[in-house]
Amino acid sequence: MESQAPKSRFWSPDEDVKLVESLLDLYHEGRFCVDNNFKSGYLKVLETALETKLPGCGIKAKLHIESRIKTLKMQFRTLHDMLTGPNCGGFKWDPQRKIVTAEKAVWDAYIQ
């Protein structure tokens, strides 16, 4: 019997918030932190934390959390570069709407 690749999981904003909250909890607890990274085993602890915070969510460590963390890191790097990078003047953070803003010309230049 052939094994099938897991289907993609779409994360809700609430699930993202609970994941980040749980990561912060682990960080502040200190048990799984070393040299600004997490020690092995932290994904299973996150899985348990999310099941507690989001009962019945079915979010799994290797299938879902690991992939979502990679995606969030990539999105963070992009936003960070837009707001602080040497070639990205003109971008601003709107704290009310929680989005990056810029004039159309800045966006057009960035996309190029």
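The values are calculated or read from the model by the stated rules, or taken from the named source; none is laboratory data. Since this is a predicted model, take the numbers as computed values, not measurements. Cβ atoms come from the backbone with ideal geometry, glycine included; neighbour counts cover every protein chain shown. Keep in mind that these areas ignore ligands, DNA and RNA; they rest on the heavy atoms of the full protein, side chains included. Shrake-Rupley method; radii C 1.70, N 1.55, O 1.52, S 1.80 Å.
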query: Ser22 fails exactly one of the following numbered conditions: (1) surrounded by 12 or more Cβ atoms within 10 Å (Cβ to Cβ); (2) over 15 Å from the mean Cα position of the chain (by Cα); (3) of a type in the set (S, T, N, Q). What is the number of that condition?
result: (2)
query: Across the range 72-95, which residue is surrounded by the most Cβ atoms within 10 Å (Cβ to Cβ) among those that are under 28 Å from Arg9 (Cα atoms) and of a type in the set (S, T, N, Q)?
result: Thr78
- prompt: On the given criteria, is Arg68 modelled with pLDDT of 90 or more, open to solvent by less than 80 Å² (accessible area, probe 1.4 Å) and of a type outside the set (A, V, I, L, M)?
  reply: yes
message: The conditions are (1) at pLDDT 95 or above; (2) not in a loop (DSSP other than H, G, I, E, B), and Met82 fails exactly one of them. Which is it?
response: (1)
message: Just to be sure I understand, how many residues within the range 30-62 are open to solvent by less than 100 Å² (accessible area, probe 1.4 Å), at pLDDT 95 or above and of a type in the set (S, T, N, Q)?
response: 1
Residues (closer than 26 Å to Trp11 by Cβ and open to solvent by 100 Å² or more (accessible area, probe 1.4 Å)) located in the range 96-112: Gln96, Arg97, Lys98, Ile111
